[in-house]
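The values are calculated or read from the model by the stated rules, or taken from the named source; none is laboratory data. What you are looking at is a predicted structure, and each value in this text was computed from that prediction instead of being measured. Neighbour counts run over all protein chains shown; Cβ positions are idealised from the backbone, glycine included.
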Amino acid sequence: MDRNEIKVIVITGLLLATFLFAVLWAADKRHIDVPACIPYNSKYATSKITQLDSNTYQVFVVAKMWQFDPAEIDVPVGSTVDFYLTSKDVTHGFNISDKSVNMMAVFGGVTETSVYFDKPGTYSIVCHEYCGAGHQNMTGKVVVSPKKQK
Amino acid sequence: MKISKPLRNVILFELFFPITLLTLGIYHGLMQTIYRSGLVHSAAEAHLDYYQGLTLHGVINAIVLTTFFAVAFGHAIMAYYLKKEPDIRFARISLIFMVVGTLMAAYAMLSGKASVLYTFYPPLRADPTFYLGAVFLIVGSWIAFWGWIILYRTWRKEHKTDKIPMAVLGNIANFTVWQICTLSVAVEVLVFILPWSMGWTNTINVALCRTLFWFFGHALVYFWLLPSYIMFYTFLPKLAGGKLYSGNAGRFSFMLFIILSIPVGVHHQFGEPGITSGTKLFQTILTFGITLPSFITAFTMAATLEYAGRKRGSKGLFGWMAKLPYLDTKNYMFGYLICGLILFIFGGLTGMVNASYSLNSMVHNTSWVPGHFHMTVAGPVYLAIIGMTLYLTSKLSGKPVRFPNLNIMVPYLWCIGILIFSYGLMSGGLLGEPRRTNLGLTYLNPASSQYRPDWIPSTAFALIGGIIMTLSALCYFITFFGTVFSKRKEEPILEFPDSELLHNEPTIGILNRFAPWVIMMIIVLLLAYIPAIMNISQYIGPGAQPFSPNNPVPMTF
């Protein structure tokens, strides 16, 4: 190997180390992580919205051909929502716009993530995994209402 | 060199057959950009449903074309560089398996019984002929490989201390990975999916099947890619008018692919249950590892091309870029390969985004992902395949390429088309536009309550790119079929533009043997996949019944 090759390999190594550091730092300090994986329990297969305290909600979302259940989730601004996602049939996707919430709904499995809604508005949920003929109809939404109206 | 008629015919058929099917694959590629842009608001056009066509597009372009080509190219490489032809019986049986498999899958897809996309995720159920067809195609490619192993071992005995020819090394490395990664998809299909799709078993472990699929699924992309890498290392330097900067860099890259191609599949599953974040993080690190051979290749190719440019009399730091033979119609393979390399810069870097653990949440399953992989599989892979298909067809049948001026435009037009197309898909993906979705029915339909006008520009870019790509493909089809159906003018010959090394390089022992790399591969594989499978047995509940894509009620038999 000549000098240039060694130089390039070192630079590449440093670049990869930087990327890896960024990933670890985001997960550790900013809590930007991949969805958590929860042991399966049949209770998650029934959709449910539970208010845990004044600004925390727990939502069991059941994805099925071709709708999300619940299709609409209403919370006040400043809420943290814990989503538990599973599927009643084929594999579905669960992507909340502008929130980088991105999970797969898999039969027999539960995916969990927690989202903080700091701005009011309507956040659409799109199924982004092909789930059959009605795939393109499969949407839901999170409606975050301004606090004052409550 | 001369090539025997039987082997020549096998190779020529293996090149012709998938290109013929590709016309259908390209057609539905264009149709998808039309549906997705909202130009039409319909579920089907010309009796071909969107998702049925999408399945055809994926299976033909990404599985059939690539596998047939890898086998045909492998036969040619082994014969040319080892100066001895592989056993024709293996080549013939391999071809029969692959053709039968393809026809079975084509029947299932065209009759609308297999609109499950090329990933065939259960519990969506396709007709058993679809799965069996896939198995036949894959087993056919194994048989060709077994013939090469026999040939290689004979050669090894007679040339104990010789360097393995680089192309042979790349080809064996590629098929070693292929042989092992396809075992898991064979298990997925034969043990789990087939009995379940026939109604012999009631339910299927969905998460396990997905994991078995991705054990295969990411190695698959290197199986697509490595034939182009072989061309970059062995042909491109010569085509550019220079010499290869470092042969050992190439050998090392191919060996690294053996170790790291497979144990990275979980990076396709960051968003799903059953696999813990620790397992996901570990495979993130391995995925970063496999960018190393591509970075090495990028450097070696740049150094090689710079040398070629300077030899052609270029001046200054970047002058060499202007001196390369871009538009030489006699040297058209250069255009095909260089356009692929340019696309792969973007394809590779966007791939690192996908592999980056939580960053994946921004892009997973959005149209960003097809934006990325069209700059890899429809970039260096596709261009190297169609270019080399034309090259080999012309040489092996003794028919000079027809319409050389049309031909020279193909890669450049394609490159421009892909860049526009992928820009559209990726920018749309960042806005949340989903992949694999008939957007025209709802999201791009002003009459629908789901209408998303913010996705108009991105899907319009993809449409424009798609039209340009289709024009390029049309130019290619005219050139290819024009050449195939012309009269023989020269003696058939098997010949490659063989490159020399720039430096006098020593033989490095460990780069001249496969065994150490295969052992390391198996160790890393076990480290990466035992935890993944254990996670699934711990976190996943009951299995699923089969579902037709058209009905939310489980199928009964």
Original post:
Across the range B:80-103, what is the number of residues that are over 22 Å from B:Val139 (Cβ atoms) and part of a helix (DSSP H, G or I)?
Top reply: 3
Subject >> Leading residue by the ranking (farthest from B:Met521 (Cα to Cα)) among those in the range B:180-202 that are surrounded by 16 or more Cβ atoms within 10 Å (Cβ to Cβ) and among the aromatic types (Phe, Trp, Tyr) >> reply: B:Trp196
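Of all helices (runs of 4 or more DSSP H) completely enclosed by the range B:363-438, which ones contain at least 3 residues that are buried (at least 24 other Cβ atoms within 10 Å of the Cβ) and in contact with a strand residue (DSSP E or B) (Cβ under 8 Å, 6 or more places away or on another chain)? First the steps, then the outcome.
Numbers: elements: B:368-373, B:382-397, B:404-430.
Counting at least 3 such residues, we get no helices (runs of 4 or more DSSP H) at all.
Please list, ordered by residue number, the strands (runs of 3 or more DSSP E) wholly in the range A:1-91 having 3 or more residues that are in contact with a Phe, Trp or Tyr (Cβ under 9 Å, 6 or more places away or on another chain), within 11 Å of chain B (Cβ to nearest Cβ) and at pLDDT 90 or above. I'd like the intermediate steps shown before the answer.
Details: elements: A:36-38, A:48-53, A:56-64, A:67-69, A:72-76, A:79-87.
Output list reads A:79-87.
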Original post:
Taking into account only those residues within the range B:270-294 that are of a type in the set (A, V, I, L, M, F, W, C), in contact (Cβ under 8 Å) with a residue 24 or more places away in the chain and facing another protein chain (nearest Cβ under 7 Å), which is nearest to B:Phe257 (Cα to Cα)?
Top reply: B:Leu292
Subject >> Any hit, the range B:254-266, residues being within 14 Å of another protein chain (Cβ to nearest Cβ) and surrounded by fewer than 24 Cβ atoms within 10 Å (Cβ to Cβ) >> reply: yes
Original post:
Of the residues that sit in the range A:127-141 and are in contact with a His (Cβ under 6 Å, 6 or more places away or on another chain) and either touching a residue at least 40 places away in the same chain (Cβ under 8 Å) or more than 9 Å from chain B (Cβ to nearest Cβ) (or both), which one is nearest to A:Gln67 (Cα to Cα)?
Top reply: A:Cys127
**OP:** With the condition kept exactly as written, say whether any residue in the range B:178-191 is within 19 Å of B:Val71 (Cα to Cα) and of a type in the set (Ser, Thr, Tyr).
**Re:** yes
Subject >> Residue within the range B:104-113 that is farther than 24 Å from A:Cys131 by Cα, among the hydrophobic types (A, V, I, L, M, F, W, C) and part of a helix (DSSP H, G or I) present >> reply: no
Original post:
Mind checking whether some residue in the range B:334-356 is part of a loop (DSSP other than H, G, I, E, B) and either at the interface with chain A (Cβ under 8 Å from one of its Cβ atoms) or closer than 17 Å to B:Lys238 by Cα (or both)?
Top reply: yes
**OP:** Please identify the pairs in which a residue from the range B:391-419 that is on the phi > 0 side of the Ramachandran plot and modelled with pLDDT of 95 or more has its Cβ atom under 8 Å from the Cβ atom of a residue that is basic (Lys, Arg) and not in a loop (DSSP other than H, G, I, E, B), counting only partners at least 6 apart or on another chain.
**Re:** none
Original post:
Inside the range B:295-318, can you point out the residues that are within 14 Å of chain A (Cβ to nearest Cβ) and of a type in the set (Phe, Trp, Tyr)?
Top reply: B:Phe295, B:Phe299, B:Tyr307
Original post:
Given the structure, is B:Ala46 surrounded by fewer than 20 Cβ atoms within 10 Å (Cβ to Cβ) and small (Gly, Ala, Ser)?
Top reply: yes
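Name the single residue that is farthest from the other protein chains (Cβ to nearest Cβ) among those in the range A:106-126 being assigned to a loop (DSSP other than H, G, I, E, B) and within 18 Å of A:Val34 (Cα to Cα).
A:Val106
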**OP:** With the condition kept exactly as written, say whether any residue in the range A:141-150 is outside any strand (DSSP E or B) and surrounded by 19 or more Cβ atoms within 10 Å (Cβ to Cβ).
**Re:** no
**OP:** Considering only residues that are β-branched (Val, Ile, Thr) and in contact (Cβ under 8 Å) with a residue 60 or more places away in the chain, look in the range B:295-319 and name the one that is farthest from B:Ala240 (Cα to Cα).
**Re:** B:Thr297
**OP:** For the range B:503-557, name all the residues that are among the aromatic types (Phe, Trp, Tyr), part of a loop (DSSP other than H, G, I, E, B) and either within 14 Å of chain A (Cβ to nearest Cβ) or surrounded by 13 or more Cβ atoms within 10 Å (Cβ to Cβ) (or both).
**Re:** B:Phe514
Subject >> Residue satisfying condition, being more than 13 Å from the chain's Cα centre (by Cα), acidic (Asp, Glu) and within 28 Å of B:Gly543 (Cβ to Cβ), within set A:Asp82, A:Asp89, A:Asp53, A:Asp74 >> reply: A:Asp89
**OP:** Confirm whether B:Asp162 is of a type in the set (Asp, Glu), surrounded by fewer than 22 Cβ atoms within 10 Å (Cβ to Cβ) and at pLDDT 95 or above.
**Re:** no
